[in-house]
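The values are calculated or read from the model by the stated rules, or taken from the named source; none is laboratory data. These figures come from a predicted structure and were not determined experimentally. Methodologically, a virtual Cβ is constructed for each residue, glycine included, from the backbone with ideal geometry; neighbour enumeration extends over all protein chains shown. Ligands, DNA and RNA are excluded from the accessible area calculation, which covers all protein heavy atoms including side chains. Shrake-Rupley method; radii C 1.70, N 1.55, O 1.52, S 1.80 Å.
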Number of protein chains: 2
Amino acid sequence: MDNITNPHTGHFIGVDLGGTKIDSILVDQNNVPLDNVEMLTCPEEGKDAVIERIIASINKLAAGLPRGVDDVRAIGIGSPGPLNKEKGTVVDAPNLRWKDVPVTSVVRAATGLPVYLENDANVAALAENRMGAGRGTKNMVYVTVSTGIGSGLMLDGRLYSGTTGAAGELGHVTVVPDGPMCGCGNRGCLESLASGTAIARRAKEVASRAAGAGILAAAEGKIEKIDAVLVSCCAEAGDPMAIAILRNAFEYLGIAVANIVNLLNVEMVVIGGGVSNIGDVLFDTVRRAVDLRAFPFMAKDAKIVPAALGVDAGMLGAACYAMERWSEDYA
Amino acid sequence: MDNITNPHTGHFIGVDLGGTKIDSILVDQNNVPLDNVEMLTCPEEGKDAVIERIIASINKLAAGLPRGVDDVRAIGIGSPGPLNKEKGTVVDAPNLRWKDVPVTSVVRAATGLPVYLENDANVAALAENRMGAGRGTKNMVYVTVSTGIGSGLMLDGRLYSGTTGAAGELGHVTVVPDGPMCGCGNRGCLESLASGTAIARRAKEVASRAAGAGILAAAEGKIEKIDAVLVSCCAEAGDPMAIAILRNAFEYLGIAVANIVNLLNVEMVVIGGGVSNIGDVLFDTVRRAVDLRAFPFMAKDAKIVPAALGVDAGMLGAACYAMERWSEDYA
């Protein structure tokens, strides 16, 4: 690979720090992926062990370059939030069991490289905007729907992360003022109505009724086996209750997306995350809600499309974020 | 005034085009107001007559400068929307009875000056950010609550107006999915629940019941005399129904503001417009909703404050917009 053997080119490493895995990628200065490494996070071993694995991933990727880490310009880390970007700390990430962890300074000290920390949904938004479904758009929102719901905002061509880097908490906008309790303590948050967790909970509630018999049968009679994927399979097989549960959930997602369109007048809403793989019923329901609820002249300009980068969006976005921030700071 | 007699300084004119009045202001290159002119809009006389009055206002202000319009660098017009900023047209403004009016090109042809068109809530947001309540903030939303509800977004220190210039339609975000019909054709829009019009409608509904007797008495028995100001007076006098109507309306406003805080992580939400003069009951209710519904770490950073510039925000913001756009284009 010429990019690796040419000492005059710069490389960037992106780390996607998740509760289960640490996915890291090495890219050249044109964002072309050269190599990647996957490690288990094992958060139960404590934060020091997790950070050690982040550093080991970086060293492993850098080892393929002629001068090792000296050929790497910067590292980007996409992490669950909230973050304190000024201090470079992860403030609170239950999946990692982390509270106020100064991951940036530890990785910087170990590698001698600039380290840039950003929210995982934000770096995924950047990746989808620069090289994914939203390529070429100036104003785009990336929405991720999985066990939770998050979003990242690309506005006027740049990642908008807000005053303390916490913008994009779409999962916790109120959609139904007196709706179900959410894990955050508020009522009627989008996440409590349209996430994979919410879909599974609703399906479990109905499984013991006659109308939910199809779902219960698909779970072989075991309510605890019901999850969003199973509901989706039932819906594809034509089960009316499963279809109703999904439509209901995605109607709420559609309201939130319509509100984004009215507020931010974006060109595109990119929807990713595990639940988005359910496909047509999600995209059709969201599209209808946007057409119904957003102003026609804004709705018609707003494409609603599936994400293109899948689970790679996190590490690709983290590398891309490192490159863009490094260019601002040093180039 | 030295600024006027010094031929080397540049001046800017801001025009606030409303359904009732055309308010115009002349400022120097430091945004210092030098003179202003007020004319009636009289939209019933047709668009040509209205544009003539805009041009007459500009000429009157420029006449006070040594070289007339030659001492003016650019003109900003704040107009009700939606606008087509690329074409410089007002797409649809019911208050003006305008549809697809090319106001920018007509004023440009008559004055020979660059003319910049922007939404009225957006220029007011710019004014509050540059010289009003939001001075010094980087991320700020301006919300105007009067007969309708609108907003303007200042993000990363700049006016964010979206893909076609229509961002900030806060009045038409859905707050109650199956709520009352809104003039826009959607259900449960913020404007249908929390605007001056919504407050008056709700008060008229209850006026014929026993609980609404106080409001009806204040209107001297004439239901048609009930408006948001009267409801506010009744609330101040301690009428429990009037207080309940206001609290209910501002609770919905608070939900929309909490959603903005969660989505945009702003430092400040500035609330202006006629209804905001109701004061404490509005600000206290909105503050409580934000504390209840937004993430604590974002809620605590978000100040909720009254607008500082009152009805002058429109023309001041239009002048400021002209200056900033002119600087980008020519300076």
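Quick one: which of A:LEU26, A:LEU61 is more than 19 Å from the chain's Cα centre (by Cα), part of a strand (DSSP E or B), surrounded by 15 or more Cβ atoms within 10 Å (Cβ to Cβ) and among the aliphatic types (A, V, I, L, M)?
The match here is A:LEU26.
Has the range A:219-233 got any residue that is within 14 Å of chain B (Cβ to nearest Cβ), farther than 21 Å from B:PRO296 by Cβ and either in contact (Cβ under 8 Å) with a residue 24 or more places away in the chain or small (Gly, Ala, Ser) (or both)?
no
Scanning the range B:64-78 for residues that are among the small types (Gly, Ala, Ser) and more than 9 Å from B:HIS11 (Cα to Cα), which turns out nearest to the chain's Cα centre (by Cα)?
B:GLY78
Please identify the pairs in which a residue from the range A:284-307 that is in a helix (DSSP H, G or I) has its Cβ atom under 7 Å from the Cβ atom of a residue that is basic (Lys, Arg), counting only partners at least 6 apart or on another chain.
A:THR285/A:ARG247
Which numbered condition in (1) part of a helix (DSSP H, G or I); (2) assigned by TED's automatic domain parsing to the domain that holds A:GLY274; (3) not hydrophobic (A, V, I, L, M, F, W, C) is the only one that A:SER151 fails?
The single condition A:SER151 does not satisfy is (1).
So is B:ALA166 within 14 Å of another protein chain (Cβ to nearest Cβ) and at pLDDT below 95 or not?
Yes: the conditions hold for B:ALA166.
Need the failing condition index for A:ALA49 against (1) open to solvent by 10 Å² or more (accessible area, probe 1.4 Å); (2) part of a strand (DSSP E or B); (3) not hydroxyl-bearing (Ser, Thr, Tyr), just the number.
Exception for A:ALA49: condition (2).
Results for (1) free of Cβ contacts under 8 Å to residues at least 12 places away in the same chain; (2) surrounded by 14 or more Cβ atoms within 10 Å (Cβ to Cβ); (3) more than 27 Å from A:GLU328 (Cβ to Cβ); (4) in contact with a strand residue (DSSP E or B) (Cβ under 9 Å, 6 or more places away or on another chain), shown as yes or no for each residue.
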| residue | (1), (2), (3), (4) |
| --- | --- |
| A:LEU34 | no, yes, no, yes |
| A:ALA56 | no, yes, yes, yes |
| A:ARG67 | no, no, no, no |
| A:LYS87 | no, no, no, yes |
| A:PRO102 | no, yes, no, yes |
| A:ALA109 | yes, no, no, no |
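Which one is surrounded by the most Cβ atoms within 10 Å (Cβ to Cβ), of the residues in the range A:253-306 that are more than 9 Å from chain B (Cβ to nearest Cβ) and at positive phi?
For the range A:253-306, the residue satisfying everything is A:GLY273.
Condition first: open to solvent by 20 Å² or more (accessible area, probe 1.4 Å), within 14 Å of chain B (Cβ to nearest Cβ), in contact (Cβ under 8 Å) with a residue 24 or more places away in the chain and closer than 18 Å to A:PRO82 by Cα. Can you find one or more residues in the range A:113-122 that meet it?
Looking for residues that are open to solvent by 20 Å² or more (accessible area, probe 1.4 Å), within 14 Å of chain B (Cβ to nearest Cβ), in contact (Cβ under 8 Å) with a residue 24 or more places away in the chain and closer than 18 Å to A:PRO82 by Cα, one finds at least one in the range A:113-122, hence yes.
What residue, among those in the range B:202-235 that are charged (D, E, K, R) and loosely packed, with under 15 Cβ neighbours inside 10 Å, is farthest from B:SER276 (Cα to Cα)?
Ranking the qualifying residues of the range B:202-235, first place goes to B:ARG209.
Where residues in the range B:192-201 are without any contact (Cβ under 8 Å) to a residue 40 or more places away in the chain and out of contact with any strand residue (DSSP E or B) (no Cβ under 8 Å at 6 or more places or on another chain), which of them is surrounded by the most Cβ atoms within 10 Å (Cβ to Cβ)?
Restricting to residues being without any contact (Cβ under 8 Å) to a residue 40 or more places away in the chain and out of contact with any strand residue (DSSP E or B) (no Cβ under 8 Å at 6 or more places or on another chain), the top hit is B:ALA200.
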